[in-house]
Amino acid sequence: MIILNKHQLITERFPNGETKVKDFDQWIKADNLLEFTYQEDGDLIRLFFVKKRLEEAGASCKLWIRYMPYSRMDRKIEGDLFTLKYVAAFINSLQFDKVYVIEPHSETTLTLLENSVAIYPALDWLPKLMEKLKFSDNDRIVFPDKGAAARYLNSGYEDACVFEKQRNPQTGRIEAMKLKTGNIVKGAKCIIVDDLCSAGGTFLWAGKILKEMGASEIYLLVTHCEPRVFKGALLEEDSPIDLVFTTDSMMNTTHPKLNYINLTTESYV
Ligand SMILES: O=P(O)(O)OC[C@H]1O[C@@H](O)[C@H](O)[C@@H]1O
C-alpha cells in the first residue's frame with residue numbers, strides 16, 4: 001500500500017498482472033511524504049513508479065517505511081543472496097531526502113539505507129504501557145532473545161530479564177529457550193518487548209517459561225505482526241500471553257486479545 005500525503009493511491013492490476021496507478025498527479029505537492037507498506041514484492045515496483053513520477057514533477061520526497069522488506073535477511077549466508085542489501089540499494093537508488101524506518105530489526109538496515117532514521121514504536125510505547133498496567137518494582141520487562149536485548153537494553157531497561165533462544169536454522173522452529181539474565185518474583189506482571197511477531201513461537205516459549213516461574217500476567221508488546229505467518233495460538237484462551245499490543249504496520253486483523261497502538265507520521269516527521 002502506498003499513501004502519498006495522506007491519500008491512499010489507487011493501484012490496480014491489468015489482467016496480465018502489470019500495475020496501473022490511477023489519478024496520481026492531483027496528490028503531488030512540492031514536498032511530499034510517501035508512506036510505504038510492504039505486503040508483497042510488487043509493492044517495490046509501485047514505489048519505484050511513484051518516486052519516478054515525483055522526480056519528473058520536480059517534487060521532493062521523504063519516505064516512511066512501515067516495515068522494511070527483507071530486514072530479517074540482515075547477514076550474508078554462504079551461497080545465499082544477501083537480499084536486504086539489494087533492497088536497500090534499490091531504495092537508495094530512488095534518492096529520497098530522508099527515509100524513516102519503523103523498527104528495522106537490526107542496525108544493518110540503517111547502515112545500508114542512506115539518509116535513514118529509525119523509529120521504535122514499541123520502545124516509545126513501553127512507559128505508557130507500564131503506567132497503564134500499574135507496574136511495580138516486582139514487575140518485569142522481558143527481552144526474548146539477544147537481538148531484542150541488543151536493540152533495547154541500553155534504553156533505560158538494564159534490569160530487564162533476557163532470554164536465550166535456539167532456533168533450528170533449517171526449520172525455523174525454536175528448539176530451546178531459557179532465562180539468561182534476571183529473575184521473576186512470584187505474581188510479577190511481565191511485558192515481553194520485541195520488534196516483530198512472526199509465527200509467535202518465541203513468545204509462546206517465553207510466556208510459558210515465565211508462567212512456570214510464577215509470573216501472573218504476561219503482555220506482549222511488538223511493533224510488527226506478520227499477517228501471513230501469525231498463528232492464532234498466541235491469542236487462544238490457553239495461551240500464556242494475556243494481551244498483545246502492536247501497531248498496524250502490517251496486520252489489521254481484529255481480535256479481543258489484540259490491541260493496536262496508533263502509529264502516526266505526525267508524531268515523528
Ligand atoms: O518467534 P517468531 O514470532 O516466529 O519470530 C519472531 C522473533 O524472531 C526474530 O527474528 C524477531 O526479532 C523475534 O524475536
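Considering segment 52-87, and only residues there that are open to solvent by 70 Å² or more (accessible area, probe 1.4 Å) and in contact with a helix residue (DSSP H, G or I) (Cβ under 9 Å, 6 or more places away or on another chain), the residue that is farthest from Ala118 (Cα to Cα) turns out to be Arg53. Residue pairs whose Cβ atoms lie under 7 Å apart, sitting 6 or more positions apart in sequence or on different chains, and linking a residue in segment 257-269 that is of a type in the set (Phe, Trp, Tyr) to a partner that is open to solvent by 50 Å² or more (accessible area, probe 1.4 Å), are Tyr260/Asp248. Counting only strands (runs of 3 or more DSSP E) that sit completely within segment 189-269, zero hold 3 or more residues that are modelled with pLDDT under 90. When restricted to residues that are assigned to a loop (DSSP other than H, G, I, E, B) and within 21 Å of the chain's Cα centre (by Cα), segment 24-58 contains 5. Checked against (1) touching a Phe, Trp or Tyr at 6+ places or on another chain (Cβ under 9 Å); (2) open to solvent by 30 Å² or more (accessible area, probe 1.4 Å); (3) within 15 Å of the ligand (Cβ to nearest atom), Arg173 passes all but a single condition, namely (1). When the residues of segment 138-156 are filtered to those that are free of Cβ contacts under 8 Å to residues at least 24 places away in the same chain and more than 20 Å from Arg75 (Cα to Cα), the one that is most open to solvent (accessible area, probe 1.4 Å) is Asn154. For segment 182-220, which positions are away from the ligand (no atom under 12 Å from the Cβ) and in contact (Cβ under 8 Å) with a residue 60 or more places away in the chain? Matches in segment 182-220: Ile191, Leu210, Ala215, Glu217, Tyr219. Among the candidates Glu164, Glu226, the residue that is within 15 Å of the ligand (Cβ to nearest atom), in the same structural domain as Leu133 (by the TED database) and closer than 26 Å to Ile65 by Cα is uniquely Glu226. Keeping to segment 75-106, report how many residues are of a type outside the set (A, V, I, L, M) and within 15 Å of the chain's Cα centre (by Cα). Qualifying residue count, segment 75-106: 5.
Quick check on segment 39-51. Is at least one of its residues among the hydrophobic types (A, V, I, L, M, F, W, C), closer than 20 Å to His7 by Cβ and open to solvent by less than 10 Å² (accessible area, probe 1.4 Å)? Among the residues of segment 39-51, at least one is among the hydrophobic types (A, V, I, L, M, F, W, C), closer than 20 Å to His7 by Cβ and open to solvent by less than 10 Å² (accessible area, probe 1.4 Å), which makes the answer yes. Across segment 139-153, the number of residues qualifying as near the ligand (Cβ under 10 Å from one of its atoms), touching a strand residue (DSSP E or B) at 6+ places or on another chain (Cβ under 6 Å) and more than 16 Å from Pro121 (Cα to Cα) comes to 2. Taken over segment 56-115, the criterion of being in contact with a Phe, Trp or Tyr (Cβ under 9 Å, 6 or more places away or on another chain), on the phi > 0 side of the Ramachandran plot and polar (S, T, N, Q) is satisfied by Asn115 alone. When Phe135, Phe90, Phe96 are screened for being at pLDDT 95 or above, open to solvent by 30 Å² or more (accessible area, probe 1.4 Å) and farther than 24 Å from Glu217 by Cβ, only Phe90 passes. Looking across Thr171, Thr109, one residue alone is of a type in the set (Ser, Thr, Tyr) and under 17 Å from the mean Cα position of the chain (by Cα). It is Thr109.
The values are calculated or read from the model by the stated rules, or taken from the named source; none is laboratory data. If you're wondering where the values come from, they're calculated on a predicted model, not measured in any experiment. Here Cβ is always computed from backbone atoms with ideal geometry, including for glycine, and neighbour counts include all displayed protein chains. These area figures cover heavy atoms from the full protein model, side chains too; ligands, DNA and RNA do not enter into them. Shrake-Rupley method; radii C 1.70, N 1.55, O 1.52, S 1.80 Å.
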